[in-house]
Amino acid sequence: MRLDVVSIFPDYLAPLRLSLIGRAVEDGLIQLNVHDLRRWTTDRHRTVDDSPYGGGAGMLMRPEPWGAALDDVLGEADQSPGTAGPPRVVVPTPSGTPFTQRLAHELAAEPWLVFACGRYEGLDQRVIDAAGERARVTEVSLGDYVLGGGEVAVLAIVEAVARLLPGVIGNAESLVHESHTDGLLEGPAYTKPPSWRGREVPPVLLSGNHAQIARWRRDQSLRRTADRRPDLVAALPPGTLDGRDLEVLAERGWTVGDAAEGEARLVRLDW
Ligand code: 6GU
């Protein structure tokens, strides 16, 4: 996979050379290019921002450097083997579509991603509209809070995507049961020693009974999801739940609602 990141703080992306992703870059699984947006400024002060038309607080990023940067980066299509077509362009912004594990999988299937990191109040909309005529552009948000710029979001998105690429994680099995792969949070986990400061590892995990362990983990997963993320429970298709699942969710006040209108779904009883 080829990754290009355009930012006015290229050093912010240095962590992509460390750890898991750093290894993948060294091994050639990921071709990483970090670009300084100011390379595409033409004035003496290397200006990238300006005040918004219509007034209001804050500064926006002017379109000219971005236009030139994206012309150059998208123009490299033919020179990159395996990336003949236009890349998928990702623009991190708090007003974007939520970044989820599903989107991480979708991005991991792309041969080439280009990240455009805004600072200040973001990019002039025309940059995004113009890029959308030459490439698939997705504005992505990490969550309902505001960061100072897209760089931290790119670190998070690239880490989530890169670990899904074949060969990046040693044990692909570890991707199967982690949080968000099946719409549930992962429950608690334990390692040695079996007793630590008077706290014991739940005995079922030491039992060697794999069916019982799997059931216990699923129970924990359901309870934790019900306690922390009722939105995820409400989104579970009831048809994917067995009798024991429904019993555990019932402990937390959830039941399968009246299917009179459309699909059956889980609802929480008021208490
Ligand atoms: Cl992707 N970017 C910025 N600047 N702020 C955010 C965000 C992204 N996601 C949440 N807040």
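How high is the relative contact order of the chain? Use alpha-carbon pairs under 8 Å, at least six apart in sequence, and give a whole percent.
Values: 382 pairs, mean separation 41.9, N = 271.
With pairs under 8 Å counted, the relative contact order is 15 percent.
List the chymotrypsin sites (Phe, Trp or Tyr not before Pro) within region 12-64 that fall in a DSSP loop (any state other than H, G, I, E or B) and whose Cβ has at most 13 other Cβ atoms within 10 Å.
Working: sites: Tyr12, Trp40, Tyr53; in loops: Tyr53.
Loop-located and lightly packed - Tyr53.
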Sorted from largest down, what three extents in whole angstroms do the Cα atoms of region 73-148 have along their principal axes?
38, 29, 18
Heavy-atom accessible area per residue, the chain, 1.4 Å probe: how many Å²?
58 Å²
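If we count GluC sites (Glu not before Pro) as exposed when they sit in a DSSP loop and have at most 11 other beta carbons within 10 Å, what is the longest stretch of the chain that avoids them all?
Numbers: sites that count: Glu133, Glu261, Glu263.
Free of exposed loop sites, the longest segment is 1-132.
Return the calculated 222 nm mean residue ellipticity for the chain, to the nearest 500 deg cm²/dmol, obtained by summing -39500 (n - 2.57) across DSSP H runs with n ≥ 4 and dividing by the residue count. Numbers along the way, then the final one.
On the way: 8 runs with 81 residues, N = 271.
Taking each H run of at least 4 residues, the total per residue is -9000 deg cm²/dmol.
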Can you give me the C-alpha center-to-center distance between region 107-140 and region 145-179, rounded to a whole angstrom?
19 Å
Take every Cα pair under 8 Å in region 1-74 that's 6+ residues apart, average their separations, divide by the length, and report that relative contact order as a whole percent.
29 percent
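Work through the residues other than Ser174 whose Cβ is under 12 Å from its Cβ and net out their charges, Lys, Arg +1 and Asp, Glu -1. Could the numbers behind the result be given before it?
Values: positive: Arg163; negative: Glu173, Glu178, Glu186.
So the environment of Ser174 carries a net charge of -2.
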Cleavage-rule hits (chymotrypsin sites (Phe, Trp or Tyr not before Pro)) in region 85-189: DSSP loop, at most 13 neighbouring Cβ within 10 angstrom:
Tyr145
For Val90, residues with placed amide H under 5 Å, excluding near neighbours
Val114, Phe115, Ala116, Thr138
Which of the trypsin sites (Lys or Arg not before Pro) across region 156-219 are loop residues per DSSP, with 10 or fewer other Cβ within 10 Å?
Arg197
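The values are calculated or read from the model by the stated rules, or taken from the named source; none is laboratory data. What you see is a predicted model, and the numbers here were worked out from it, not measured in a lab. Every residue, glycine among them, receives a Cβ derived from its backbone with ideal geometry; neighbour counts consider all protein chains shown. Just the protein is used for accessible areas: all its heavy atoms, side chains included, with ligands, DNA and RNA removed. Shrake-Rupley method; radii C 1.70, N 1.55, O 1.52, S 1.80 Å.
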